[in-house]
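Structure first, then comments.
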Amino acid sequence: MEYLVLGALETRQGGVLVDVRGMRQQRLLALLLLNAGRVVPMDFLVDELWEDPPPSARPQVHNAIRDLRRVLAAGEHRLVTVDVGYRLAVPEDAVDAHRFTRKVREARAAERDGRFPEAIRLLQAAVDLWRGDAFAGIHCPAVTSAAVKLNEQRLTALEDLMALRLKVGETSSLVGELTALLAEYPLRDSLRRSLMTALCRSGRQAHALAVYDEGRRFLADELGLEPSPQLRALHSEILADAPGVHDAPERPPARPAAAEGPAPGQRPNCLPHDLTDFTGRSAELALLQEAVARRAAGAPLMLAIDGMGGVGKTTLAVRVAHRVTADFPDGQFFAALDGFDESRPPVPPSQALAALLRADGLGPERIPASLEERSALWRSRLAGRRCLLVLDDAATSAQVRPLLPGAGETLVLVTSRRKLSALDGSVALPLDVLPPGDAVELLARVAGERRVAREPVRAAEAAALCGYLPLAIRIAATRLRDRPAWSVADLVDRLADPERRARCLRTADRDLMALLRASYQYLDRAQQRFSLLMSRQPAGSFDVDRAAAVTGLSADEVEGCLDVLYENNLIRQEAAALFSFHSLVRDCSRLLPEPPDGSGPPADLTVGQLAVTA
C-alpha cells in the first residue's frame, strides 16, 4: 500500500485508488502518516480533530479508527492500538513525502561530489512526485504546519534544480519553465536570478533586464523593499556585458573551436524535462523510435513533427528525445525557435546558432559574426559525433536549414505548425488530436482520477468539448483540479458555450485562443477572410464548390486558400475533396478581424469578436 500526501491525500493498493471516505477519517490518516511508525496519543488526536472537543470526542476517534482499519485491511500495513493512542506501522518508502526528502538528500550529496547529472536526475524525480500542495484539502493545525514546511522544501528543490541545470549548460530550454515558476512565485529571488541568467545566455539581455525591473517594481510596490545584493550584482554584470553572465561555470577552459566538440565528460544535455503525466501517443512513439533504430549508419536523420497548435508536438518530441538519449551520447541540444509566438518574432537562425554553439562550450568571443560562418562552424563541431538536436516550433524550412548537421549520426527532431515539405530528406509525422479514451485519461491524470471516475459520461463530454486537443484538456483539467468545489459537470457547463469556453481555456500563462490565433499571423488578409467566412458557415465539412458559394471566390482561388490553410494545419482534409475545421480552430477563426474591404462575415458576428485582432 502506498500513501500520497504531496497533493490531495490518496491511498493506493497496488496502484489502485483506495477510497478513504469522510473528512474525519482523512484527517486522522493524515495525522497518523505525519507520525508514521510512532505512537500518536489520543489527546493529540482529539485536540487536532476538534477546536472545541465534544464529550463524545474519544468514542468518535475510536469509531473513525475502526473505519480506517477496514479501509487499510487489504494492505500489509497495520494500525496498532497502544495504551495511550495509535501507531500506523508503515515503512518510510510507502509515503511519497519521505521518498521526496530522501531523493533531495541524495541529490545534494551527488552535487557535493560533483556528480551534477545524477543530482539533476534525483531532484527532477523528487519534484515529479508532487501533484499539488501538500495535504491539499486537509485542515488541522499539525497537518497545516507540516504542509507549509513540505511546500517550502519543494520550492527550494525546484530552485536547486533550475540552478543545477543552468550550471551544466542548459539555457533557452529553461526560459519557459522559469517564467512560469516566477509568475507563480514572484518573491523567489533565486528563480528571478536563474531566469535572468538563462535569458542572457540565450542572447536576450534586454529581456533579462526587463525581468529585473519587473521584480524591482513588485518588491517596491508590495513590500517596500529593494532587490537583494545578489540580484543587483547580476543586473550590473548584465549591463556591463560581463563574460561570466554568458557562460555557465562548468564549461571547459577556452580552446580552439575544434570540430571534435567539448571534452569527454562535458557533453551538453539541454533537453527540457519529460512530463510525468504524458498520456497516449503509443503508435507515434513506436513509429518515431523505429525510424531512429533503422537509421542509416554514419548519416544524420531528421524527423519532422507537424500539427495544429496545442496538439502536443513539443511534448512528443521531448519524450522521444529522452527515450533515445543513450543512442546519442555526444550531446543533446534543444533550440526554441519561437516560430508561432504572438509576443515576439521567430528566432533568427544566426541567433539560434549562437545559442547552440554556446551550449556546446564556445564562449561568445569565439563565435563568428556571419550566419554562414556560424552554420559552418556548427556543422564542423557535429561532424563525427552522435548528437541529438531538437528544433522546436519552427516557422519555416528556411529557419531550420542553417541549423542542420552536415555529417555524423545526429538525430534532428523538428516541430512546427506548418508542414515543412521543403526539408528534403526528412521523415514527416503529422500529429492529430488524441483518441477519446486517451483524452479522458489525460483529463483524469491532471485533474485527479477519483474525481473524473465519479462522472465518466461528463468526463467524455469535457474531453470532446476540448476537441481532444491535449493543451485544451490540460488547461481545463488544471482548472478542475484547482477548484475542489467543481464537479466535472460544472466544467462541462463552462466548456459548452463558445465564449465561456474561450475564458475557461485561459490561465495566467496559457491562453489557448491566443496560441491558436498565432497560426494566422502568416496568412494574408484574403486567406484570413476566407477562414473567417468558412468558420461561420453551418456545415461541419465543406468542398470547393461550397467554399466558393460562401466566399464568392473562384474555384482556383478557393483551392489556393485551402492549400495554405492545410499546409498551416488550420483545416483537416477528411477526404480527397472534403475539408473541415477543428472545433477550437473554428472558434478562433470566428475571432479574426473583419476584412477591410467590407465583405466580412454575416452580420451576427459580434462587435466584441471583431475587436480581437489576429
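Figures for the structure shown
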| read-out | value |
| --- | --- |
| Residue satisfying condition, being over 27 Å from the mean Cα position of the chain (by Cα) and open to solvent by 50 Å² or more (accessible area, probe 1.4 Å), within set GLU372, GLU342 | GLU372 |
| Close pairs (8 angstrom Cβ cut-off, 6 or more residues apart or separate chains): on the phi > 0 side of the Ramachandran plot and modelled with pLDDT of 80 or more in the range 224-252, assigned to a helix (DSSP H, G or I) and surrounded by 13 or more Cβ atoms within 10 Å (Cβ to Cβ) anywhere | none |
| Unmet criterion (only one of (1) touching a residue at least 12 places away in the same chain (Cβ under 8 Å); (2) over 26 Å from GLU567 (Cβ atoms); (3) open to solvent by 10 Å² or more (accessible area, probe 1.4 Å)) for ALA286 | (1) |
| Subset tally (residues that are open to solvent by 20 Å² or more (accessible area, probe 1.4 Å) and under 21 Å from ARG417 (Cβ atoms)) for the range 314-325 | 3 |
| Candidate set from the range 565-580 (those that are modelled with pLDDT of 90 or more and among the hydrophobic types (A, V, I, L, M, F, W, C)); member that is farthest from PRO430 (Cα to Cα) | LEU578 |
| Test: residue in the range 91-98 that is more than 22 Å from GLN13 (Cβ to Cβ), out of contact with any strand residue (DSSP E or B) (no Cβ under 6 Å at 6 or more places or on another chain) and not basic (Lys, Arg) | no |
| Those residues of the range 194-206 which are part of a helix (DSSP H, G or I), free of Cβ contacts under 8 Å to residues at least 60 places away in the same chain and more than 21 Å from the chain's Cα centre (by Cα), in sequence order | CYS200, GLN205, ALA206 |
| Qualifying positions in the range 371-391 - within 13 Å of ALA359 (Cα to Cα) and basic (Lys, Arg) | ARG381 |
| Matching residues, the range 366-408, being part of a loop (DSSP other than H, G, I, E, B) and among the aliphatic types (A, V, I, L, M) | ILE367, ALA369, ALA383, ALA395, LEU404, ALA407 |
| Filter result (touching an Asp or Glu at 6+ places or on another chain (Cβ under 9 Å), open to solvent by 10 Å² or more (accessible area, probe 1.4 Å) and at pLDDT 85 or above) within the range 9-19 | GLU10, ARG12 |
| Which numbered condition THR410 misses (of (1) closer than 30 Å to LEU523 by Cβ; (2) polar (S, T, N, Q); (3) in contact with a Cys (Cβ under 8 Å, 6 or more places away or on another chain)) | (1) |
| Verdict on GLY361 being assigned to a loop (DSSP other than H, G, I, E, B), among the small types (Gly, Ala, Ser) and in contact with a strand residue (DSSP E or B) (Cβ under 9 Å, 6 or more places away or on another chain) | no |
| Residues that are outside any helix (DSSP H, G or I) and of a type in the set (D, E, K, R), drawn from the range 313-332 | ASP330 |
| Residue that is surrounded by 16 or more Cβ atoms within 10 Å (Cβ to Cβ) and part of a helix (DSSP H, G or I), where the choices are ALA147, ALA109 | ALA147 |
| Residue match in the range 553-564 (condition: modelled with pLDDT of 65 or more and part of a loop (DSSP other than H, G, I, E, B)) | yes |
| Hey, PHE328 open to solvent by less than 10 Å² (accessible area, probe 1.4 Å), of a type outside the set (Val, Ile, Thr) and within 20 Å of ILE120 (Cβ to Cβ) or not | yes |
| Checking GLU170 against (1) part of a helix (DSSP H, G or I); (2) open to solvent by less than 40 Å² (accessible area, probe 1.4 Å); (3) closer than 19 Å to LEU356 by Cα, the condition it does not meet | (1) |
| Filter result for ALA463 (in contact with a Leu (Cβ under 8 Å, 6 or more places away or on another chain), surrounded by 16 or more Cβ atoms within 10 Å (Cβ to Cβ), at negative phi and part of a helix (DSSP H, G or I)) | yes |
| Qualifying residues in the range 360-369 (those that are of a type in the set (A, V, I, L, M, F, W, C) and open to solvent by 10 Å² or more (accessible area, probe 1.4 Å)) - the one farthest from ARG319 (Cα to Cα) | ALA369 |
| Selection from the range 27-59 of residues that are touching a Gly at 6+ places or on another chain (Cβ under 6 Å) and either open to solvent by 40 Å² or more (accessible area, probe 1.4 Å) or of a type in the set (Gly, Ala, Ser) (or both) | VAL39, PRO41 |
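The values are calculated or read from the model by the stated rules, or taken from the named source; none is laboratory data. Model, not experiment: these values are computed from the prediction. No Cβ is skipped: glycine too gets one built from the backbone with ideal geometry, and neighbour counts run over all protein chains shown. Note: accessible area is taken over every heavy atom of the protein model, side chains too, but ligands, DNA and RNA are not part of it. Shrake-Rupley method; radii C 1.70, N 1.55, O 1.52, S 1.80 Å.
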